Amino acid sequence: MNERACRIFDKSEVHSTTIINGIVQKDPKGDHVTISYKTQDHLGRETHVACHGYVKDPLTLEFKEATHAAEKADSILKGNNKPAWPGQEDLWQAPDVGYAHMS
């Protein structure tokens, strides 16, 4: 993977919840998709960054705002006790761009 390439992990359909202070609750900003990504730098640190893409309408997916969280460890467990960043077998590749996973 070259320096500009990144792995992309799209982990969600449109949803309205998020984790605030360790508790799953309704996101005050509304419906969004969650996308996590990793650059070449993240590979060596085994970390990634999660982003929320907020939508005006969950059917049209017209975006209204995006936010991102601080870098976090790939090994952090989600509510289903699976690591936040999936294994290589669960990623898909977008040539010359990166890798992704959709669940």
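The values are calculated or read from the model by the stated rules, or taken from the named source; none is laboratory data. Being a predicted model, the structure only gives us computed values, none of them experimental. Cβ: placed from backbone, ideal geometry, glycine included. Neighbour counts: every protein chain shown.
Quick notes on this one:
- When residues of the stretch 61-87 are limited to those that are hydrophobic (A, V, I, L, M, F, W, C), more than 17 Å from HIS15 (Cβ to Cβ) and not in a strand (DSSP E or B), the one modelled with the highest pLDDT: ALA70
- When residues in the stretch 58-88 are screened for being of a type in the set (Gly, Ala, Ser) and surrounded by 12 or more Cβ atoms within 10 Å (Cβ to Cβ), 4 of them pass.
- Single residue of the stretch 16-55 satisfying the filter (over 12 Å from TRP85 (Cβ atoms) and of a type in the set (Lys, Arg)) that is surrounded by the most Cβ atoms within 10 Å (Cβ to Cβ): LYS29
- The strands (runs of 3 or more DSSP E) falling completely within the stretch 1-60 that include 3 or more residues that are modelled with pLDDT of 85 or more and over 17 Å from the mean Cα position of the chain (by Cα) map to 23-26.
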